[in-house]
Amino acid sequence: MTRFTKRTLLTALAALPAVTLLPAAARAEIEVNVNRGDVQPLPIAIPAFGGGQTGGDISAVIAANLQRSGLFRPLDPASFVERDLNAAVQPNFPSWKQINAQALVNGQVGVVAGRLQVDFRLWDVFAEQQLLGLQFAASPENWRRIAHKISDSVYQRLTGEKGYFDTRVVFVAESGGRGSKIKRLAIMDQDGANPSYLTDGSGTIMTPRFSSNSQEITYMELRPEGSKIYILNLETTRRETIGDFKGMVFAPRFSPDGGRVAFSVERGGNSDIFVMDLKSRSTARLTSDPSIDTSPSFSPDGTKIVFNSDRSGSPQLYVMGADGSNPKRLSFAAGRYTTPVWSPTGEFIAFTKQTGSEFHIGVMRPDGTDERVLTSSYLDEGPTWAPNGRVLMFSREGAGGGSKLWTVDVTGRVLQPVPYPGAGSDPAWSPLLN
Amino acid sequence: MVTPRNSGSVVRLGLIVAASLSVAACAHKPKPAFPTQTPAEAPVQRPPERPTQAPGAGPVSTAALPGSERDFVINIGDRVYFDYDKYSVRDDAAPLLDAQASWLKRYPAVQVRIEGNCDERGTQEYNLALGARRANAVREYLVAHGVEAARVTTVSYGKEKPIDPGAGEAAEAHNRNGHTAILSGARMQ
């Protein structure tokens, strides 16, 4: 049994790109199977935290988060030898080695002055050493956020990368049949918990996007007479339109600093990309091409915009300066490319790709090289990045079926539905919450 | 999203579609029997089929009052179809748009909105742009054939408002369309 360290898991992560060199057909077989390939998820024991029901609930949320990342394998609590751990004392390591747990997370929940207080520790079982000991406090109804913060701490300590569990997803909740769909703006935790509606369903909501401070959402509403782009403040619930335009306005997205919104404006059938400074409300035109120009997405440093254009005759990805300068085509492989989204780390651009009768989610480097197709189905669309740039959420729709939210990691190895029971589309992932 | 005024015409069109498909099947015509626009005289040939559909369901009406929305939908046709990822008006759609233009010139109080629609084999934002092109193509055709520009507005519904909820090529062909919706000024039936 190799002793696990941060280094070994990092090595495993570094080995992931090799998996992605498999041809698409081979990759399709391994979806959902997180144990295939040369990465073994790390066996981790997460016994119920002390402190009653809430302790058990918190442990369960942590285990589910880590399991869904594909990098960890939470062990069955029925196999645990040591029971009733006390977070204040060192665990009995041999009893955890016996079940091959490489890491152990235990903790204790208490209520102090009406606030939930959770102490937890992360142990390296084979090194017999404490890796983390932290305490989180919050009001009792926020117990899930504590569980997410602990998940992020464990993930970061063991992978060396920031987590993405204490985040929310804004999306479009769908109801009704095709042709008479009701599409409402909705928000939930990244694991599908705590969903709530933000609009009443009277207009068709599309393409919500988070601002970098997680407090504002920009989205488009389609009504019989036309479309509008709104900015909604989650805290104040105040919403305002960015203005009245002649023609369709759509595809809004914030700049990384939240000060600008890039979007498409259609005039006389032709769509071009504009950017509005939200303070001064001044608008600048970034493209002037008789082609479709839409789906702008800023680079994390704000200096560039990747977008979708059919100026070559079919929809492809292009990158230009944030002022509209030097547009350059990025996508050259066979297929139709749409919905480019720059990763928060700047490492990749994710996109939707259509080949023949299939749709795919894929990633490429910002210079257009190293393209990798991660998914294939009847209709996969609209990727959004987890804030650490390792996981993508997107919409998947079957022929004649409703749309569901799915996630896939950047290697294409871990593909699974989001545990939100309803129909949904157009997800947008928030940054890590504070 | 479709206004009550329009939803009625969608239902009517659905019946006509079903009728023309079954006719095509009987005749063993090579597909696609739909939505290829039938030749110039065809639009006025359609209406007799309709009253025979679903007898007893819904009002059995007399002939449409000239200048009414019903007259426009049944006797002229309110929808033209497009090829995949294309927005140019097809040759086989021109006769129907010619008839729309003539009708609109005959009833100058009528205001219309051209709604561009797409099939689901594209992503949302791209399809909003494509639907806008289609709506504009229909508008330009009507204006070029004498309809006052101020009477014709456009909107794109992208792939949000499919008239055919099915999947497959036939449904996609239905859903790639430009719908001429009467907003006001038509005679009441």
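Restricting the stretch A:180-198 to residues that are more than 14 Å from every other protein chain (Cβ to nearest Cβ) and of a type in the set (A, V, I, L, M) leaves a set whose member that is most open to solvent (accessible area, probe 1.4 Å) is A:LEU198. The residue pairs whose first member lies in the stretch A:135-151 and is within 17 Å of A:GLN108 (Cβ to Cβ) and small (Gly, Ala, Ser), whose second member is assigned to a strand (DSSP E or B) and open to solvent by less than 30 Å² (accessible area, probe 1.4 Å), and whose beta carbons are closer than 8 Å, counting only pairs six or more residues apart or on different chains, are A:ALA137/A:LEU116; A:ALA137/A:VAL118; A:ALA138/A:LEU116. When A:GLY201, A:GLY177, A:GLY133 are checked against the criterion of being more than 14 Å from chain B (Cβ to nearest Cβ), more than 20 Å from A:THR407 (Cβ to Cβ) and surrounded by fewer than 22 Cβ atoms within 10 Å (Cβ to Cβ), a single residue qualifies: A:GLY133. In this entry, A:ARG157 is excluded by the filter for residues that are within 13 Å of the chain's Cα centre (by Cα) and either in the same structural domain as A:SER297 (by TED's automatic domain parsing) or not in a strand (DSSP E or B) (or both).
Being over 14 Å from the mean Cα position of the chain (by Cα) and modelled with pLDDT under 95 is a condition met by at least one residue of the stretch B:101-120.
Considered as a group, the residues in the stretch A:204-254 that are acidic (Asp, Glu) and in a strand (DSSP E or B) include one that is nearest to the other protein chains (Cβ to nearest Cβ), and that residue is A:GLU221. Of all residues in the stretch B:128-178, those that are closer than 13 Å to B:CYS118 by Cβ, surrounded by fewer than 24 Cβ atoms within 10 Å (Cβ to Cβ), more than 7 Å from chain A (Cβ to nearest Cβ) and touching a residue at least 60 places away in the same chain (Cβ under 8 Å) total 4.
Mind checking whether some residue in the stretch B:57-67 is polar (S, T, N, Q) and at pLDDT 95 or above? Scanning the stretch B:57-67 turns up no residue that is polar (S, T, N, Q) and at pLDDT 95 or above.
Exactly one residue out of A:TYR318, A:TYR378 is open to solvent by 10 Å² or more (accessible area, probe 1.4 Å), under 25 Å from the mean Cα position of the chain (by Cα), of a type outside the set (D, E, K, R) and within 11 Å of chain B (Cβ to nearest Cβ), and it is A:TYR378. Evaluate the following for A:GLY400: is it assigned by TED's automatic domain parsing to the domain that holds A:ALA173 and assigned to a strand (DSSP E or B)? It is false that A:GLY400 is assigned by TED's automatic domain parsing to the domain that holds A:ALA173 and assigned to a strand (DSSP E or B). Report yes if A:ASP301 is within 22 Å of A:PRO431 (Cα to Cα), open to solvent by 60 Å² or more (accessible area, probe 1.4 Å) and not in a strand (DSSP E or B), otherwise no. For A:ASP301, the condition - within 22 Å of A:PRO431 (Cα to Cα), open to solvent by 60 Å² or more (accessible area, probe 1.4 Å) and not in a strand (DSSP E or B) - is met.
Would a scan of the stretch A:335-343 turn up a residue that is away from chain B (no Cβ under 14 Å), over 27 Å from B:ARG133 (Cα atoms), among the small types (Gly, Ala, Ser) and in contact with a Ser or Thr (Cβ under 8 Å, 6 or more places away or on another chain)? The answer is no; no qualifying residue exists. Considering the stretch A:79-108, the residues that are open to solvent by 70 Å² or more (accessible area, probe 1.4 Å) and within 33 Å of the chain's Cα centre (by Cα) include one that is farthest from A:GLY51 (Cα to Cα), namely A:ASN100. With respect to the stated conditions, A:ARG157 is closer than 26 Å to A:LEU66 by Cβ and either within 14 Å of another protein chain (Cβ to nearest Cβ) or touching a helix residue (DSSP H, G or I) at 6+ places or on another chain (Cβ under 9 Å) (or both). The set of residues in the stretch A:266-283 being assigned to a strand (DSSP E or B) and more than 10 Å from every other protein chain (Cβ to nearest Cβ) consists of A:ILE273, A:PHE274, A:VAL275, A:MET276, A:ASP277, A:THR283.
Just so you know, in the stretch A:384-413 the residues that are among the aromatic types (Phe, Trp, Tyr) and away from every other protein chain (no Cβ under 13 Å) include one that is nearest to the chain's Cα centre (by Cα), and it is A:TRP385. Among the residues of the stretch A:91-117, what is the count of those that are touching a strand residue (DSSP E or B) at 6+ places or on another chain (Cβ under 9 Å), closer than 27 Å to A:ALA138 by Cβ and in a loop (DSSP other than H, G, I, E, B)? Total meeting the criteria: 1. When A:GLY268, A:GLY259 are screened for being touching a helix residue (DSSP H, G or I) at 6+ places or on another chain (Cβ under 7 Å) and open to solvent by 20 Å² or more (accessible area, probe 1.4 Å), only A:GLY268 passes.
Rundown of residues vs (1) buried (at least 21 other Cβ atoms within 10 Å of the Cβ); (2) farther than 30 Å from A:GLY176 by Cβ; (3) at pLDDT below 95, yes/no style:
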| position | (1), (2), (3) |
| --- | --- |
| A:TYR337 | yes, yes, no |
| A:GLU347 | no, yes, no |
| A:PHE351 | yes, no, no |
| A:ILE361 | yes, no, no |
| A:MET364 | yes, yes, no |
| A:GLY398 | no, no, yes |
| A:GLN416 | no, no, no |
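So which residues in the stretch A:403-429 are part of a loop (DSSP other than H, G, I, E, B) and either more than 15 Å from A:ALA193 (Cα to Cα) or of a type in the set (A, V, I, L, M) (or both), if there are any at all? Matches in the stretch A:403-429: A:VAL410, A:THR411, A:GLY412, A:ARG413, A:VAL414, A:VAL418.
The values are calculated or read from the model by the stated rules, or taken from the named source; none is laboratory data. Since the structure is predicted, the reported quantities are computational estimates derived from the model, not experimental observations. Cβ coordinates were reconstructed from backbone atoms using ideal geometry, including for glycine residues, and neighbour counts include every protein chain displayed. Note: accessible area is taken over every heavy atom of the protein model, side chains too, but ligands, DNA and RNA are not part of it. Shrake-Rupley method; radii C 1.70, N 1.55, O 1.52, S 1.80 Å.
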